[in-house]
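Participant: Before I ask anything, here is the structure I am working with.
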Amino acid sequence: MAAEDLRVLFCGINPGLMSAASGHHFARPGNRFWPVLHASGFTPRLLRPEEERELLTYGLGITNVVTRATARADELSPEEFTEGGRLLEEKVARLRPAWLAVVGITAYRSAFGDRTAQVGPQDRTIGATRVWALPNPSGLNAHWSPSAMAAEFARLREAASEGD
């Protein structure tokens, strides 16, 4: 499977320092992305960050809104989010995944200038690509339990499977 055949392109906020050092997305041990991705049924087993390329075999991809690594996402400027959203739209237009899943509602709001967006499917599309805002899997996001987060990811998985 190629990056041009994606069912879902997951989009993190930006690399954390550990992710930047390792070269892999969601590499910090306390980040819940990989366990939630598995618990929601997107992957048949729990993947490690260094196995991220295996996502392609499941029709999944991974990227970030902003490429600059920081210790915390709140270190990013509004301008970086706006520019990241613009570049992300270009990437999505080129790759044409069925769904873009922005992992972090605040990142989605900042990148796309939609201050009232809620977690879930969005009205916005990028070409034919539909958009879903997911909760941030960072261990710092105490608002979402792992099971509630997995349920939201599973809602996206079910929507992305329709028409298969």
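Participant: I'd like to check something: does segment 68-80 contain any residue that is part of a loop (DSSP other than H, G, I, E, B), farther than 28 Å from residue 128 by Cβ, touching a residue at least 12 places away in the same chain (Cβ under 8 Å) and in contact with a His (Cβ under 8 Å, 6 or more places away or on another chain)? Break it down into steps so the answer makes sense when it comes.
Facilitator: First, pick out the residues of segment 68-80 that are part of a loop (DSSP other than H, G, I, E, B): 68-69, 71-72, 76-77.
Narrowing the set further to residues that are farther than 28 Å from residue 128 by Cβ leaves 68-69, 71-72, 76-77.
Among the residues that remain, those that are also touching a residue at least 12 places away in the same chain (Cβ under 8 Å) are: 68-69, 71-72, 76.
The next check asks that each one be in contact with a His (Cβ under 8 Å, 6 or more places away or on another chain); those that pass are none.
No, segment 68-80 contains no residue that is part of a loop (DSSP other than H, G, I, E, B), farther than 28 Å from residue 128 by Cβ, touching a residue at least 12 places away in the same chain (Cβ under 8 Å) and in contact with a His (Cβ under 8 Å, 6 or more places away or on another chain).
Participant: Can you go through 112, 153 and tell me which one is out of contact with any Asp or Glu (no Cβ under 7 Å at 6 or more places or on another chain), of a type in the set (Phe, Trp, Tyr) and closer than 23 Å to residue 58 by Cβ?
Facilitator: Numbers: 112 fails: closer than 23 Å to residue 58 by Cβ.
153 is the lone residue from the list that is out of contact with any Asp or Glu (no Cβ under 7 Å at 6 or more places or on another chain), of a type in the set (Phe, Trp, Tyr) and closer than 23 Å to residue 58 by Cβ.
Participant: Suppose we keep only residues that are hydrophobic (A, V, I, L, M, F, W, C) and within 21 Å of residue 143 (Cα to Cα) within segment 84-110. Which one would you say is most open to solvent (accessible area, probe 1.4 Å)? Spell out the reasoning first.
Facilitator: Step one: of segment 84-110, the residues hydrophobic (A, V, I, L, M, F, W, C) are 87-88, 92-93, 95, 98-103, 105, 107.
Narrowing further to those that are within 21 Å of residue 143 (Cα to Cα): 101-103, 105, 107.
Numbers: 101: 0, 102: 1, 103: 1, 105: 31, 107: 2 Å².
Within segment 84-110, the match that is most open to solvent (accessible area, probe 1.4 Å) is 105.
Participant: Go through segment 39-55 and report how many residues are part of a helix (DSSP H, G or I), touching a helix residue (DSSP H, G or I) at 6+ places or on another chain (Cβ under 8 Å) and open to solvent by less than 30 Å² (accessible area, probe 1.4 Å). Quick ask: steps written out before the conclusion?
Facilitator: First, the residues of segment 39-55 that are part of a helix (DSSP H, G or I): 39, 49-55.
Next, only the ones that are touching a helix residue (DSSP H, G or I) at 6+ places or on another chain (Cβ under 8 Å) stay: 39, 49-50.
Narrowing further to those that are open to solvent by less than 30 Å² (accessible area, probe 1.4 Å): 49.
Adding up the residues that qualify gives 1.
Participant: Scan segment 35-54 residue by residue and report those that are out of contact with any His (no Cβ under 9 Å at 6 or more places or on another chain) and under 19 Å from residue 153 (Cα atoms). Give the steps one after another, and end with the answer.
Facilitator: Here is the first cut: in segment 35-54, the ones out of contact with any His (no Cβ under 9 Å at 6 or more places or on another chain) are 35-43, 53-54.
If the condition is that a residue be out of contact with any His (no Cβ under 9 Å at 6 or more places or on another chain) and under 19 Å from residue 153 (Cα atoms), then 35, 36, 37, 38, 39, 40, 41, 42, 43, 54 are the ones that fit.
Participant: Which of the numbered conditions does residue 68 fail, given that it passes all the others? Conditions: (1) in contact with a helix residue (DSSP H, G or I) (Cβ under 8 Å, 6 or more places away or on another chain); (2) buried (at least 22 other Cβ atoms within 10 Å of the Cβ).
Facilitator: Of (1) in contact with a helix residue (DSSP H, G or I) (Cβ under 8 Å, 6 or more places away or on another chain); (2) buried (at least 22 other Cβ atoms within 10 Å of the Cβ), only one is false for residue 68: (2).
Participant: Another question, if that's okay. Which condition from (1) within 19 Å of residue 160 (Cα to Cα); (2) crowded, with 19+ Cβ neighbours inside 10 Å is the one that residue 58 breaks?
Facilitator: All conditions are met except number (2).
Participant: Would you pick out the residues in segment 4-38 that are open to solvent by less than 30 Å² (accessible area, probe 1.4 Å), touching a Leu at 6+ places or on another chain (Cβ under 8 Å) and either without any contact (Cβ under 8 Å) to a residue 60 or more places away in the chain or not aliphatic (A, V, I, L, M) (or both)?
Facilitator: 10, 11, 14, 34 - these are the residues of segment 4-38 that are open to solvent by less than 30 Å² (accessible area, probe 1.4 Å), touching a Leu at 6+ places or on another chain (Cβ under 8 Å) and either without any contact (Cβ under 8 Å) to a residue 60 or more places away in the chain or not aliphatic (A, V, I, L, M) (or both).
The values are calculated or read from the model by the stated rules, or taken from the named source; none is laboratory data. Only a predicted model underlies this, so the values are computations on that prediction, with no experimental measurement involved. Cβ sites come from the backbone with ideal geometry, for glycine too, and all protein chains shown count toward neighbours. Accessible surface areas use protein heavy atoms only, side chains included; no ligands, DNA or RNA. Shrake-Rupley method; radii C 1.70, N 1.55, O 1.52, S 1.80 Å.
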